[in-house]
Each structure stands twice: as C-alpha cells, then as structure tokens.
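The structure appears below as structure tokens.
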Amino acid sequence: MKYKKLPFYVVASGLLLVLACSTPKQNITAVNSKEISIDRKVDSVLALMTLEEKVGQMNQYNGFWEVTGPVPEEGTAALKYEHLKKGWVGSMLNVKGVKDVRALQKIAVEETRLGIPVIFGFDVIHGYKTISPVPLAEAASWDMEAIERSAQIAAAEAAASGLNWTFAPMVDVSRDARWGRVMEGAGEDPYLNSRIAVARVHGFQGNFGEFNVAACVKHFAGYSFAESGRDYNTVDVSNNTLHNIILPPFKAASDAGALTFMNSFNELEGIPATGNPYLQRTLLKEDWGFKGFVVSDWGSMGEMVSHGYAKDLKESAERAANAGSDMDMESYGYITHLAKLVNEGKVSEDKIDDAVRRILRVKFMLGLFEDPYKYCNEARELETIGKKEFQEGVLDVAKKSIVLLKNDKNLLPLKKQGQKIAVIGALANDKTSPLGSWRIAADDGTAISVLEGLQNYKGNQITYAKGADVAVGKTVFASETRINMTDKSGFGEAVTAAKGADVVIMVLGEHGLQTGEGRSRSELGLPGVQQELLETVYKANPNIVLVLTNGRPLTIPWAAENLPAIVEAWHLGTQSGNAIAQVLYGDYNPSGKLPMSFPRSVGQVPIYYNHKSTGRPGNGQPTESVFWSHYIDQDNSPLYPFGYGLSYSKFEYSNLKTSAASFGKDSKITVSVDVKNSSNVDGKEVVQLYIHDLFASVTRPVKELKNFELTEIKAGETKTVTFTIDSKTIEFYTANNKWEAEPGDFKVFIGGSSDTKMEAPFSYTN
Ligand code: BGC
C-alpha cells in the first residue's frame, strides 16, 4: 500500500470488503464485488469529510502555477493555491507534465487534512502530442478499430504526462457546418455518433490501467443545435429531436461505462443545461443509471446569470447543485456559495453527498486513492510520448479518414515516375495547420506537410508555389479577421508552376484554427482568395487534383462542377502529409465516407440526410408547380451526401434480399446484398443499411442509418453482406414518450451512400 494517509478508510474498506464477501449472496460476481467495495470505500471517506471539504471536491480550477516558478502570493493564483492546501480543490484542468502534476498532487495528498487526491483533466480531443485526425475526419473512416486505437494512443500519451481525465468524446450530433465545432464530433448521424462514442470511450478508458484516462462525454445536451450555427447561441429543439437525434450517442456512451459527462453552455426549453434537473438528474442519473459525475462546462454555471436564469452567482450555484451539476469548472460558484446554501437550507446535504460520492467513485475507479502518483512516472513519460508505434497508429487512421469525392479523368492515383507535378497552396507547405483545432499539447510545426509527404516519393519532379495565404498569425484566441486574406501577389508564380506541369495538386481549405470552438463561419467557401486562385490556375492547367484540408463541410460547387479530381483530407494530424501522399499515389486505396452532408450553398444549411418527409411533395404530387418544399434557385439535394465516398475500386450492388416479409417482437429478419468489386484493384467499402418507417405515432426521417459493415473486397470478388433487423433496430422515441418499436410498414435500403435507391419492403407486427 503506497498510500499513507487515511488509514481509517483504507482499513475500513478492507474490512467492509471482507464483510461483503461473507454475505449470503454467494453468486456475486467479481465485478460486482469490486463495485461494492468501491461504494463502501467512498462512503467511508465521505463520513470523514466536513461540508467545506465536500464542496472542495466539487470545485475544479484551471492551472495557475508553473511549479518551476515561485509560489503565488497574490491574486487568483494565490487564492487557488490556498484552496488547494486546504483540500478545497477536487480537480484541476490544464496542468500537464509529470513534474507539475506531481507537485500539485503532493500538496493535495500531503498538506491537506484528508489527503484526497486531485483528478487532473485536459482537452485531449484528437491526440496529445502525437496528433490524430480531427474527430470529424476520423468519423469518415467508419472504422471503429482504428478510432478506438487512436483514442488509446491519445490516452497513453496523456496518462504518461500525468493526466487522468480527458474532456472527450464530444458526441454532439451536428447538422450545421457553420458551427466550428463540427470538427470535434462524428457528424450528422445519431447511430454513427453512437458507435464512435462507444469506440472512443473504450479507447480512452480501457481497463483503467496506467495508460488509460477517464472519458468525459459532452456537451450534455443540445449544444450543436445553436441557432444560425453560431457557437454558444440559443438552442430551441423539440422533444422529438432531443430524444431521437441528440440523446442516443450520450446514452450509448453512458452504457459503455463513460466515467464522466460535461453539461453545456446552451439552454434547452428555456433552462440552461447546467441548471437543468431533467437532463442531469431525471434522465442521466435516474433513467439511464449513470454512476459517474457531471462537470459543468467552463464557467457555464456563472453564465446562467447572463442567460437571465439566475440573479447572481449564488443563485446559479444553488440551481446547478440542485439540478445535479456535480463539479464546477472555473465559475467559483460552489467554492464561494455552496456551503452557505446548504446552511441556509437551499441545497440539501444529501445532494452534496451524492455529488461527492460520484466524484470520489471516479477517483477510486482510476486508482488514485491506491496511488495518487499512479500517473506520475518520469521514465514512463519519456519513453511513451511520441512513440514510433503511435506515429504508425495515427498514420493508419489518417489514411482511412480521407474521402475521395471525385475522380473523373482517372487523374488519381498519380503515376509514380516521370511526371511534372505542381503543388500549389499555402496549406500544402503548412506543418501546423494539419494539427487541427484542439492540439494544445502538440508543438507547432510538428505535422508532416503535404509537400513533404509528396516529396517522399522520389520518381516525379515537384515544383511548389504558395499562390496565396490562407491565414496569418497562429494564436489560438486571435479573432478570425485573418480569414479575409486578400493578397494575390503569389498568383503569377502559381500559374507558371501549373503551366509546366502534367498534374497540379492544389491544397486549399481552412487553417487549423479557422475551425473549432468559437470559430463559426457565415460563409462556407474557401477562405480568402483561394477560390480565385483555383479558378486562375485552372485556366492555365485544368488537370487539377484539389486536396481539401478543413474541419467542416465546405461549399465547393465550382470545384465539383469543373475539376477532374477532389480529395477531402480534413485536418489529419501529425502524419497528415504521409497519409495524403499514400492516397494520392494509390498506396492506400481510399475508403472514407462523409459523416456530414456537403451543402451546395450556405442557404441549404442545416442540411442532413435523415430529414423528415413534408406534406409537399406528397405522394404522387407533381413538382413542376411552385407550391412544394424547395428553393426556386437551387436543388434540394446536397452537393455530396452523408455516407458518400469513392474508391479506386468500383463497387456494384445487386441482389438485395430479405429473409421474410415481416417479423414480430421475438423474431427477426436478415437482409443481404451482393457487393462486387468490378475493378482490378482491391478495395474497402462501407456497406450501409438504412430504414424508413413509413408511418408512426410521430413522423420519422426519410432514412435512418441502422447498421454498416466496412468490408474488404478483392478485385473481381463478389461478397454477400448480411445484416439482421429486429425490434431493437426499429425502436424510436414514440408519442408515448418512450423508446419502443411500433408495428407498421418499413423500407430497408442498402448501398454505399445515404442516397442509395436500392430498397425492399418489410413490416413489423407485434
Ligand atoms: C469547452 C469544452 C472544454 C472546456 C475545457 C470549454 O470552453 O466548451 O468542450 O472541454 O472548455 O477546456
């Protein structure tokens, strides 16, 4: 036993474990007995705590002290330091590195009355030092193993750096590409988001070993539905959308054992999420049986005053505590007011106990009580961060995340010998932008640029021209006026490079910091003068492969119409350039599929495949007239739909079969399809299954993804892919306000994209 403080409860918990094991419940499983022992340990700690110490556990502070510098003596830092020494800080965020974590943990463990360890959190969103593709990109891989591996790598580096807890995964279903944070989630579909949420929770948390961290599922709930796609804006969604679209990934992550949740900045039904008892108590903790704790989003408790939901910070704290928000991230609401609120009878001590139990439980689950320095091992830190196998892991998922949008003249894959290739665009030579928006522990300039990736292939002659800048400056908090770069002085050089080339690779898109939190956009085209650059170069040489690097769907109608080849390469992380080069040269055959629809214009946004039918057009109603749901100046369809993505192989679908025309409560049907790779290259295809519930107690989407299989199909081979449909598949949140399957008629669709027309009918009778 390395842990010296609190002999009472350590001994007590040991005794209780013995008692628990000797009860008549002989069939108790090992897991359950571990659970019981943790709950008893938690209770024995709680019994020792004063009210102030309990409130302290509910208080989280941002990092405030460089441990190499002098001890803070004034201002907020001094206050935080004092609180830490009193045992009034349960958690810290943004402290990283074994040295700093150890120093602060030592204060918590050795200088406070009870020595309860602090839990250290950090936004390890898509990698720590070795950076993975942004989550939206990873979602395009539809490869759960690769995604789980990527989360494992992130967790291993973070844990080696002293951290215990990541504020990920973000599972907000996103339909609005204007919202900058679409890069942080898995796109527009609840099912895909759910599958990925589970993979990421497993990847981060593993079996709570020394290379794992606790996950934090966020933002609970509705945050991505900000009006006009403007971050932090008001949210107003129906109960139907909340339950059928927004909540499923949260439920899946909770079921997968995620240890913590984060609430959100927005309001829901007029009640800010941080003060929302329905979300946090009724739904999450009671209905779903979530045993972990909920942390507020940064300052969101205090922001309830700005929302007009509390008259001051004290009332915010009261509302948040009563609503089940267990930990206060940087609002100072709990630490300042909560003990008083309990003494005044405005918040019951039972509620405080419930919150503290949850927090202590997570600390026990992570093993911090057994060894508060479990994550503080300098040798491990040195040998883990940046490991070669991690580079290979992020390269693997980066390749899988790339989506081939167009390849008309078979310009791709590139020939490996004897070609003159012009590479154009500031983003082609950028070693920072590919690291994306959430890469706060990675060093600038550590990504492989596209140019470097291409230069690793020696057989061709490469000329590079910048053409135009996409952004200036690199501070995370700079305002985005820099998006309007206007300098065209590099156009001439780009045109000259293009004229002498067989193939032109234009790398255009968004700077890594033009997406992410607070980076909403009202236009979704290529920022700055990049569109003009593209069209100018096209006049000189139309043999263009456009490589997009961006964190959200973009509107690129001109490129889609005119260019022979387009590759969506997102912000792919540390190994970006290598991944892109391997795909362009055909050493990796692209297999990614879009996790979000690409709109034709901003006017179509929000646009998503799983929309509802409307009354117009109704069945058989002509669409020649004007009185139906459409635009008079544009098609309704997206430029590229959800689930879409090409390959260097060609896949042909045929022979869709259902095993029976209907099924009941305790039976099921199978649906199969033949997928032929009619090309001469081996490839991978994401075979997708959608259903349409034709009529129900509440209206249902025209299509809903219900399953998929990522399958390798050799050149010339035909594979039969089979799925099962049972009552679980067709469940939804009905007019009875519960999840259930309703009898009725359905269609099943299978294909390589959400716009597949291959369908068969089935029905459900219960
Ligand atoms: C974000 C969260 C993040 C937190 C801590 C907030 O502004 O909304 O997603 O985890 O900051 O950095």
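The values are calculated or read from the model by the stated rules, or taken from the named source; none is laboratory data. Since we're looking at a predicted model, the values are computed, not measured. Reconstructed Cβ throughout: ideal geometry from the backbone, glycine too, with neighbour counts over all protein chains shown.
When the stretch 651-690 is filtered for residues that are under 17 Å from Phe749 (Cβ atoms), of a type in the set (D, E, K, R) and surrounded by fewer than 21 Cβ atoms within 10 Å (Cβ to Cβ), the ones remaining, listed by number, are Glu652, Lys657, Asp674. Restricting the stretch 260-270 to residues that are in a loop (DSSP other than H, G, I, E, B) and either basic (Lys, Arg) or within 11 Å of the ligand (Cβ to nearest atom) (or both), the residue that is nearest to the chain's Cα centre (by Cα) is Ser264. Scanning the stretch 220-244 for residues that are outside any helix (DSSP H, G or I), of a type in the set (Asp, Glu) and away from the ligand (no atom under 14 Å from the Cβ) yields one hit, Asp236.
For (1) away from the ligand (no atom under 16 Å from the Cβ); (2) crowded, with 23+ Cβ neighbours inside 10 Å, each residue gets a yes or a no:
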| residue | (1), (2) |
| --- | --- |
| Ala258 | no, yes |
| Pro272 | no, yes |
| Tyr278 | yes, no |
| Arg281 | yes, no |
| Lys285 | yes, no |
| Phe290 | yes, yes |
| Val294 | no, yes |
| Ser300 | no, yes |
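Does any residue of the stretch 403-413 turn out to be part of a helix (DSSP H, G or I) and buried (at least 19 other Cβ atoms within 10 Å of the Cβ)? Within the stretch 403-413, not a single residue is part of a helix (DSSP H, G or I) and buried (at least 19 other Cβ atoms within 10 Å of the Cβ). Here Val217 passes the criteria (1) within 21 Å of Pro595 (Cβ to Cβ); (2) outside any helix (DSSP H, G or I); (3) away from the ligand (no atom under 16 Å from the Cβ) except the one numbered (3). A Cβ distance below 6 Å, combined with a sequence gap of six or more or placement on separate chains, defines the contacts here; from the stretch 736-755, residues that are modelled with pLDDT of 95 or more reach residues that are surrounded by fewer than 16 Cβ atoms within 10 Å (Cβ to Cβ) and aromatic (Phe, Trp, Tyr) in the pairs Gly744/Phe695. Would you call Ser647 of a type in the set (Gly, Ala, Ser), under 23 Å from Glu712 (Cα atoms), touching a strand residue (DSSP E or B) at 6+ places or on another chain (Cβ under 6 Å) and crowded, with 21+ Cβ neighbours inside 10 Å? It is true that Ser647 is of a type in the set (Gly, Ala, Ser), under 23 Å from Glu712 (Cα atoms), touching a strand residue (DSSP E or B) at 6+ places or on another chain (Cβ under 6 Å) and crowded, with 21+ Cβ neighbours inside 10 Å. Among the residues of the stretch 305-314, those that are more than 9 Å from Gly333 (Cβ to Cβ) and part of a helix (DSSP H, G or I) comprise Val305, Ser306, His307.
When the residues of the stretch 483-506 are narrowed to those that are aliphatic (A, V, I, L, M) and modelled with pLDDT under 95, which ends up nearest to the ligand (Cβ to nearest atom)? Spell out how you get there, then give the answer.
Initial filter on the stretch 483-506 (aliphatic (A, V, I, L, M)): 483, 485, 494-495, 497-498, 501, 503-506.
After this cut, where a residue has to be modelled with pLDDT under 95 as well, the list is 483, 485.
Numbers: Ile483: 21, Met485: 27 Å.
Here the answer is Ile483.
Restricting attention to the stretch 439-482 and to residues that are at pLDDT below 85 and touching a Lys or Arg at 6+ places or on another chain (Cβ under 6 Å), the residue that is nearest to Asp123 (Cα to Cα) turns out to be Gly473. Taken together, the residues in the stretch 579-609 that are in contact with a helix residue (DSSP H, G or I) (Cβ under 8 Å, 6 or more places away or on another chain), over 30 Å from Lys416 (Cα atoms) and surrounded by fewer than 23 Cβ atoms within 10 Å (Cβ to Cβ) amount to 4. Summed over the stretch 561-605, residues that are touching a strand residue (DSSP E or B) at 6+ places or on another chain (Cβ under 8 Å) and of a type in the set (Lys, Arg) total 1. Going by the structure shown, is Asp693 closer than 25 Å to Ser238 by Cβ and within 29 Å of the chain's Cα centre (by Cα)? It is true that Asp693 is closer than 25 Å to Ser238 by Cβ and within 29 Å of the chain's Cα centre (by Cα). Taken over the stretch 507-528, the residue count meeting the criterion of being away from the ligand (no atom under 16 Å from the Cβ) and either farther than 24 Å from Gln604 by Cβ or of a type in the set (Lys, Arg) (or both) is 4.
All of (1) within 16 Å of the ligand (Cβ to nearest atom); (2) at positive phi; (3) not β-branched (Val, Ile, Thr) hold for Trp142 with one exception: (1). Checking each residue in the stretch 109-127 for being away from the ligand (no atom under 14 Å from the Cβ) and either among the basic types (Lys, Arg) or within 30 Å of Leu548 (Cβ to Cβ) (or both) picks out Arg113, Gly127.
Val342 satisfies every condition listed in (1) in contact (Cβ under 8 Å) with a residue 12 or more places away in the chain; (2) outside any helix (DSSP H, G or I) except (2). Is it fair to say His243 is in contact with a strand residue (DSSP E or B) (Cβ under 6 Å, 6 or more places away or on another chain) and either under 19 Å from Glu269 (Cβ atoms) or surrounded by fewer than 24 Cβ atoms within 10 Å (Cβ to Cβ) (or both)? Here the answer is yes, as His243 does meet what is asked. Based on what the data block shows, is Leu84 more than 30 Å from the chain's Cα centre (by Cα) and surrounded by fewer than 21 Cβ atoms within 10 Å (Cβ to Cβ)? Answer is no for this residue. Mind checking whether some residue in the stretch 50-64 is at pLDDT below 90 and either surrounded by 13 or more Cβ atoms within 10 Å (Cβ to Cβ) or at positive phi (or both)? Yes, because at least one residue in the stretch 50-64 is at pLDDT below 90 and either surrounded by 13 or more Cβ atoms within 10 Å (Cβ to Cβ) or at positive phi (or both).
Where helices (runs of 4 or more DSSP H) fall wholly inside the stretch 90-199, the ranges with 2 or more residues that are free of Cβ contacts under 8 Å to residues at least 60 places away in the same chain are 98-106, 144-160. Among residues of the stretch 158-207 being polar (S, T, N, Q) and within 14 Å of the ligand (Cβ to nearest atom), the one that is surrounded by the most Cβ atoms within 10 Å (Cβ to Cβ) is Ser174.
Of everything in the stretch 700-730 that's among the hydroxyl-bearing types (Ser, Thr, Tyr) and surrounded by 17 or more Cβ atoms within 10 Å (Cβ to Cβ), which residue is farthest from Asp682 (Cα to Cα)? The selected residue is Ser727.
Among helices (runs of 4 or more DSSP H) entirely within the stretch 487-562, having at least 3 residues that are surrounded by fewer than 22 Cβ atoms within 10 Å (Cβ to Cβ), out of contact with any Asp or Glu (no Cβ under 9 Å at 6 or more places or on another chain) and charged (D, E, K, R) singles out 530-540.
Answer yes if at least one residue in the stretch 358-370 is under 24 Å from Glu110 (Cα atoms), more than 16 Å from the ligand (Cβ to nearest atom), surrounded by fewer than 24 Cβ atoms within 10 Å (Cβ to Cβ) and more than 28 Å from the chain's Cα centre (by Cα), and no otherwise. Looking for residues that are under 24 Å from Glu110 (Cα atoms), more than 16 Å from the ligand (Cβ to nearest atom), surrounded by fewer than 24 Cβ atoms within 10 Å (Cβ to Cβ) and more than 28 Å from the chain's Cα centre (by Cα), one finds at least one in the stretch 358-370, hence yes.
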